[in-house]
Amino acid sequence: MTFNKKSIEDVSLKGKRVLIRCDFNVPIVDGKITDENRLVGALDTIKYAVKNGGKVILCSHLGKAKGPDETKSLRIVGERLSQLLGMNVKFVPSDLVVDDNVRKEISMMNDGEVILIENTRFRPEEGKCGEEFSKDLASICDVYVNDAFGTAHRAHCSTVGVTKFVDESVCGYLIQKELKFLGDTISKPSRPFVAVLGGAKVSDKINVINNLLDKVDTLIIGGGMAYTFLKAQSYSIGTSLVEEDKLDYSREMVEKAKQKGVNLLLPVDHVIGDKFDNNAVRKETIDQNIEDGFMGLDIGSKTCKLFSDVLKKAKTIIWNGPMGVFEFSNFNKGTIEVAKAMAEADATTIIGGGDSAAAVNILGFGDKMTHISTGGGASLEFLEGKVLPGIDALNNK
Ligand code: AMP
């Protein structure tokens, strides 16, 4: 997929009311923001709109609010944004998100000023893409900018509905960057192109596996999902995670890989434990098979070497899902080795959000990767080859 959507740089902002849909869905503990990466990530687009004379109105969802909920208010986000931007971000709260007072405040804005409105999920119709709230959002802007990649796979009022009632709907820098790396890299990868999939379940990644087999040179499968593939190949897997109803699917994918000439790599040995616990009795197997009473909790040393050797020769790598239970220090080596090999590879390296992004950051390899996607669900749907509604809704160039 080539990226042909208009960006914030393709429209005039001077004197216009510019509504930017950001992803300010940050973790808040005891009234404090504990991870402000998403706020920092939004700054470039906001600064650009300010510098170019827009009257900047920011909106976002926060948490799982299903209507007005003071504990999910964006007030604290506004305070922190003011500090990060070095200018006043005026928070204009309303249980309706958009009401007459919000409209009045916006009508009095000068060019280059910034207002933050309340959590879009205070309006229950947000998640249903209801027309009334979509029109309310459209009524407070001349230009709509979507910069919330993490919610681009959801057709909500603030991501899709609003675009039906605004002439100019464009993307911001964050979405542009995601599409450049996820979209352009996947459609025109430098080869060898290697995808690494792991994590708990095959069922979460069925369409990803199927779609990637049409594109990659090597597909590496590790983590909990590998055991369903191994069982389907008649290896003993002890008490490892398995999805019996996905055995046939796994065989089909192995067959598809053969037909497409894709090198499908599964673990050749494992680190096993007698229970799902960091302090489980821990052993390494000599081959693919796992003895009764033990479960695979990480890939083994031979597998680490096998996967690392392939990764170090790759030119494009996409990774989604840990190689083992990386939260347990006794079973995180496989995930660390894959992250290390990616960091050392002379390749474009992309982490597909969610758990793998967390793993890479926790293990200290975050700044060694070309791109870490900000959207777990959105990047998985992208890798499935799906069109994301929040991006599809934006104007073409
Ligand atoms: P996902 O959200 O599908 O990417 O899965 C991530 C989760 O998979 C992490 O919490 C890991 O602990 C878990 N996981 C990875 N490998 C295994 C394994 N061999 N057995 C059980 N859980 C695993």
For the stretch 8-174, what % of the accessible area comes from carbon and sulfur atoms, probe 1.4 Å? 47
Comparing G224, G67, G352, which has the greatest mean-square fluctuation in the GNM of the chain with Cα pairs linked when under 10 Å apart? G67
Taking θ as phi - 60°, what are the ³J(HN,Hα) couplings along the stretch 237-251 by the Karplus curve (6.51, -1.76, 1.60), each to the nearest whole Hz, with x for Gly and Pro? 10, x, 9, 4, 3, 8, 10, 4, 6, 10, 5, 5, 4, 4, 4
Portion, in percent, of the accessible area of the stretch 266-397 that falls on carbon or sulfur, probe 1.4 Å: 50
Sparse-neighbourhood loop sites, GluC sites (Glu not before Pro) in the stretch 280-376 - DSSP loop, at most 14 other Cβ within 10 angstrom: E291, E327
Top positive-direction residue, dipole computed over the chain with Cβ charges, set M369, L230, I286: M369
Going 7 Å from the Cα of L43 toward and past its Cβ, which residues in the stretch 67-85 have a backbone nitrogen under 13 Å from where you end up? 80-85
Counting lysine pairs in the stretch 29-104 that sit 8 or more positions apart or on different chains, with Cα atoms under 14 Å apart, gives 6
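If you take the square roots of the eigenvalues of the alpha-carbon gyration tensor of the stretch 8-174 and sort them as a ≥ b ≥ c, do you get rounded (a/c under 1.5), prolate (a/b over b/c) or oblate? Please list the in-between numbers first.
Numbers: a/c = 1.33, a/b = 1.08, b/c = 1.23.
Rounded, because the longest to shortest axis ratio a/c is under 1.5.
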Charge dipole magnitude, Cβ of K and R +1, D and E -1 - the stretch 181-383, Cα centre, debye nearest 20: 620
Would you mind classifying the stretch 138-208 by shape? Square roots of the alpha carbon gyration tensor eigenvalues, ordered a ≥ b ≥ c; an a/c under 1.5 is rounded, otherwise it is prolate if a/b is larger than b/c and oblate if not. oblate
Can you pull the one-decimal nm distance between simple spin-label points at E344 and N330, each 7 Å off the Cα toward Cβ? 2.7
Angle in degrees between helix 333-344 and the longest Cα principal axis of the chain, rounded to the nearest 10: 70
Approximate spin-label separation Q83-K14, in nm, with each point projected 7 Å along Cα-to-Cβ: 3.6
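In terms of the Cα gyration tensor, with a ≥ b ≥ c the square roots of its eigenvalues, is the stretch 62-138 rounded because a/c is under 1.5, prolate because a/b exceeds b/c, or oblate? Before the final figure, lay out the partial values.
Working: a/c = 2.33, a/b = 1.33, b/c = 1.75.
Since a/c reaches 1.5 but b/c is at least a/b, the shape of the stretch 62-138 is classed as oblate.
Provide the per residue accessible area, probe 1.4 Å, for the stretch 218-360, rounded to a whole number of square angstrom.
Values: 5800 Å² over 143 residues.
Ligands and nucleic acids excluded, the figure is 41 Å² per residue.
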Which aspartates and glutamates, on any chain, are close to K14 with Cα under 15 Å apart, when same-chain ones fewer than 8 places away are left out? D111, E113, D142, E168
Which of M342, M225, M87 fluctuates most in a GNM of the chain (C-alpha springs under 10 Å)? That residue is M87
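The values are calculated or read from the model by the stated rules, or taken from the named source; none is laboratory data. Since the model is a prediction, treat every value here as computed from it, not as a measurement. Neighbour counts are summed over all protein chains in view; Cβ atoms, including those assigned to glycine, are modelled from backbone coordinates with ideal geometry. Ligands, DNA and RNA are stripped out before the accessible areas are found, and what is left, the full protein with its side chains, is counted by its heavy atoms. Shrake-Rupley method; radii C 1.70, N 1.55, O 1.52, S 1.80 Å.
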